[in-house]
Amino acid sequence: MRKKWPRLFYISLAIGLACLLGLAVQIFSAKTSVPTPPIKVLQIQVLTVPSYNLSEMSNDSTFDLSGAPDTTQVTGFSITVDESCDLKLNMTDKTIPLSGGQPTWVNLDDLIPGTQGGDGISLRTFRRFYSKSVEIQGKFLKDGSVFGSLSTTIKL
């Protein structure tokens, strides 16, 4: 029986050391998370045919199309963000990849079911469905995490 005790002692000591080493590795290899700054909208612009007098704007802006004629086609919008990410719009299940510093054109035909062809939607139709304004809202995603939001209003 005496010979078993030293063997058990050394085995338990080895197991204990292995556990301590595993814990030390976990403690020292834990990455400290540095908060990532939110993604910024550098510019956003509503695209119309014919071109309506709209300037480039930033996030949380209102585009005023209330003076444009009913025959004006709203084809979509372009958006430029400061870093690459995905835009997940609230009104659709589609995710739109955005390249940092580069404008991305988003066609309304890609967003609204039943439309196609790239010629957009007339303001007459927009006004019929949305009355006075329509909001475009979404989230900027990177690796499934939210790093900002998009919110803009088109006054019809």
#### Entry: Gained length - Thr92 relative to Thr125, 0.36 nm times residue gap less alpha-carbon distance
10.0 nm
#### Entry: For the range 81-94, Karplus couplings with θ = phi - 60° (6.51, -1.76, 1.60), whole Hz, Gly/Pro x
10, 6, 8, 4, 6, 10, 9, 10, 7, 5, 7, 8, 8, 7
### Message
Averaging the inverse of every distinct alpha carbon separation and then flipping it gives the Kirkwood radius. What is it for the range 41-155, in angstrom units?
### Response
14.4 Å
### Task
Starting from the Cα-Cα distance between Ser133 and Gln102, subtract it from 0.36 nm times their residue separation and give me the gain in nm to one decimal.
8.4 nm
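Here, each number is a calculation from the coordinates, and none is a lab measurement. Note that the coordinates shown come from a computational prediction; the quantities given were computed from them, not determined experimentally.
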